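The values are calculated or read from the model by the stated rules, or taken from the named source; none is laboratory data. These figures come from a predicted structure and were not determined experimentally. All Cβ positions, glycine included, derive from the backbone under ideal geometry; neighbour counts span all protein chains shown.
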Amino acid sequence: MAYIPPHKRHSKDLNRPTPTPTRELLAPQFKRDLNLRDVDSVVNIIIPKTCVYRWFIVGLDDDDQFPSFIHLERISEPIERTLGEKSLVLVNDHADKGNDEVGGNISRRPWEFVAKNAWPDILTCFNNLRNRMECKELEKVKPVLVAGFGKIRFRGSYSVNIEKVKKYPVTETTLEPLMRRFYTNVPTSYKDNIISGVVPKIGFDFETDKDVYEIKVTDSMRPHSIVICKCRVKEDKTLELYKVETNHTRRMAIYTSCVDKNLDLRLTLWTKSIGTDLTGEEIQSLRNLISSAILDRGVKGGLRWPLGKSNSGDQYRVSKVWHKEVKLYESSSLRLKVRHADRFSFESSRGESSIKISLQLKRLASDILEQKVDTDTMYNMFKDTLGLIWDHFLCCEHFLT
C-alpha cells in the first residue's frame, strides 16, 4: 500500500462535524505555549504559569475597526533571527505627525484607555508578589516595572496560514490567532532623537555610562535556574565578576498595538534575585570560568573561550554572552535606559546587535509594592506616565519593512 502523507489522509469518522471557529478556538497560540513551559528558550527568562499576558489595540475607529490606512507588511529580518516564514507588522500609511486625536472610541486620549485596561492586572500582580514576599516564598527579590518600545511581530501557527491572513483586510479577528513577539530593536535615528530631544525636554539627568559583559550560564545542579554573571573589564583587559543574579522572572507582560503610532508599547513586571544562595565554592567556580574568557571585538558578543574552556567542571557552562554599552538617565520617578547590545548564543550559534530603549517606572513600582500612597494617586501617576510615553516615545521612522 502506497504511503499517504498525514496532511492528505482522510478521517475515518466522516460524519464528525467540523468545529466552527470561535474566539476560544482561535486563541493566540503563544498563550497556550506559556502553560507548557517554564523557561523561555529564546531569552532565558523564567516565565511561570501565573504570568499575566494581555494584548490591547489602541486607535481603532468608532466602530472598533482598523482605519483603512493600516495594513500588514512583511518585515526584513536579520539573517541570524530568520526562523521559517517571515513575520508581519502593522504599518500606518499616514506617518505619525504627533496628532493623537484619532480613534473616536478612546475620546482622543489613548493612554487613558491603556491605563484603564492595564491597571487592574498591575495591581493584581503586585499584590501576589507582595503576599509571596510576606510569606517568605520569595526573598531578596527586586521587582521592576518597565515600559518597552518596539514593534509587535505577527507569525502564523500550525492552524493559521499567514499568507492567507495577509490577503484579507486587517481586523482584530484575523490577528488574534496569530503568534506574537515583541521586537525591541530600534533604529539609531530613534535613539539619537531620544537622547538629544526627549531627555532635555522631559528633564532627565544623566546618571552614568556602563560598559558591561553579561554571561548567562546553565547550572546542572539547578536545571530550572538561570545564572547571570555581570562583569566589567579591568585595566589589564581581563574580566572581573562584580554581581551574580539568578532567576530573572517575568510576572506580567501587557502588549499594546498602537495603531496611530509607529511603535508599539509593552509593559512588563519582572523580578530578579541576587545570587546569595550560591556557595563560596560555586562563586569561585564562576570566577574561574570568567577569568578564562578572551576579549575579542571581532566576534559576536565580544568574548570567546579557548577550546574546552567555556565550561567549569560539570556544573557551569556558558550559554549566552551579551556586551552592553548603556547610558542611564534619571528623574525623580523614572529611569531611562539606552542600550546597545552585541549578543551571541552558544546554544544556537546565532548573534545580533541591537539598540533598545526602555523606561523604568521606579517610583510607581515602589509605591505600589510598599503601598505608600492611596490607589487613586498611584493610578493618576500611572496615567500621567503613559501620557508622557504617548507624546515622546512612540514616534519613529518605518524601519522593519
Inset, instruction - Kindly check whether there is at least one residue in segment 360-380 that is under 14 Å from LEU267 (Cβ atoms) and not in a helix (DSSP H, G or I). - result: yes
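Which of the residues that make up segment 196-230 are surrounded by 13 or more Cβ atoms within 10 Å (Cβ to Cβ), of a type in the set (A, V, I, L, M, F, W, C), out of contact with any Ser or Thr (no Cβ under 8 Å at 6 or more places or on another chain) and within 30 Å of LEU241 (Cα to Cα)? Lay out the reasoning, then the answer.
The first filter runs over segment 196-230 and keeps only residues surrounded by 13 or more Cβ atoms within 10 Å (Cβ to Cβ), leaving 198-199, 202, 204, 207, 210, 212-219, 222, 225-230.
Narrowing the set further to residues that are of a type in the set (A, V, I, L, M, F, W, C) leaves 198-199, 202, 204, 212, 215, 217, 226-229.
Narrowing further to those that are out of contact with any Ser or Thr (no Cβ under 8 Å at 6 or more places or on another chain): 198-199, 212, 215, 229.
Result: VAL212, ILE215, CYS229.
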Inset, instruction - Output the residues belonging to segment 300-325 that are part of a loop (DSSP other than H, G, I, E, B) and free of Cβ contacts under 8 Å to residues at least 24 places away in the same chain. - result: TRP305, PRO306, LEU307, GLY308, LYS309
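From the list VAL321, VAL338, pick out the single residue that is more than 25 Å from ILE194 (Cβ to Cβ) and in contact with a Phe, Trp or Tyr (Cβ under 8 Å, 6 or more places away or on another chain). Talk me through it step by step, then tell me what you get.
On the way: VAL338 fails: more than 25 Å from ILE194 (Cβ to Cβ).
Residue meeting the stated conditions: VAL321.
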Legend entry - Pairs where the first residue, in segment 190-201, is more than 18 Å from LEU334 (Cα to Cα) and the second is acidic (Asp, Glu), C-beta under 8 Å, 6+ apart: TYR190/GLU397
Inset, instruction - Quick one: which residue in LEU286, LEU267, LEU328 is surrounded by 21 or more Cβ atoms within 10 Å (Cβ to Cβ), assigned to a strand (DSSP E or B) and not aromatic (Phe, Trp, Tyr)? - result: LEU267
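Okay, residues lined up against (1) closer than 24 Å to LEU359 by Cα; (2) among the polar types (S, T, N, Q):
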| residue | (1), (2) |
| --- | --- |
| ILE215 | yes, no |
| SER220 | no, yes |
| SER225 | no, yes |
| CYS229 | yes, no |
| LYS237 | no, no |
| LEU241 | no, no |
| ALA253 | yes, no |
| LEU269 | yes, no |
Inset, instruction - Can you work out which of the residues in segment 369-393 that are modelled with pLDDT under 95 and of a type in the set (A, V, I, L, M, F, W, C) is farthest from ASN131 (Cα to Cα)? - result: VAL373
Inset, instruction - Pick out the one residue from ALA341, ALA365 that is surrounded by 18 or more Cβ atoms within 10 Å (Cβ to Cβ), more than 20 Å from PHE204 (Cβ to Cβ) and small (Gly, Ala, Ser). - result: ALA341
Inset, instruction - Would you mention how many residues in segment 40-81 are β-branched (Val, Ile, Thr), at pLDDT below 85, farther than 18 Å from LEU178 by Cβ and loosely packed, with under 15 Cβ neighbours inside 10 Å? - result: 2
Inset, instruction - For segment 335-346, indicate whether the set of residues that are under 29 Å from LYS191 (Cβ atoms), more than 20 Å from the chain's Cα centre (by Cα) and outside any strand (DSSP E or B) is non-empty. - result: yes
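From the list ASN105, ASN99, ASN92, pick out the single residue that is closer than 30 Å to PRO67 by Cβ and either modelled with pLDDT of 95 or more or buried (at least 16 other Cβ atoms within 10 Å of the Cβ) (or both).
Numbers: ASN105 fails: either modelled with pLDDT of 95 or more or buried (at least 16 other Cβ atoms within 10 Å of the Cβ) (or both); ASN99 fails: either modelled with pLDDT of 95 or more or buried (at least 16 other Cβ atoms within 10 Å of the Cβ) (or both).
From the options ASN105, ASN99, ASN92, the qualifying one is ASN92.
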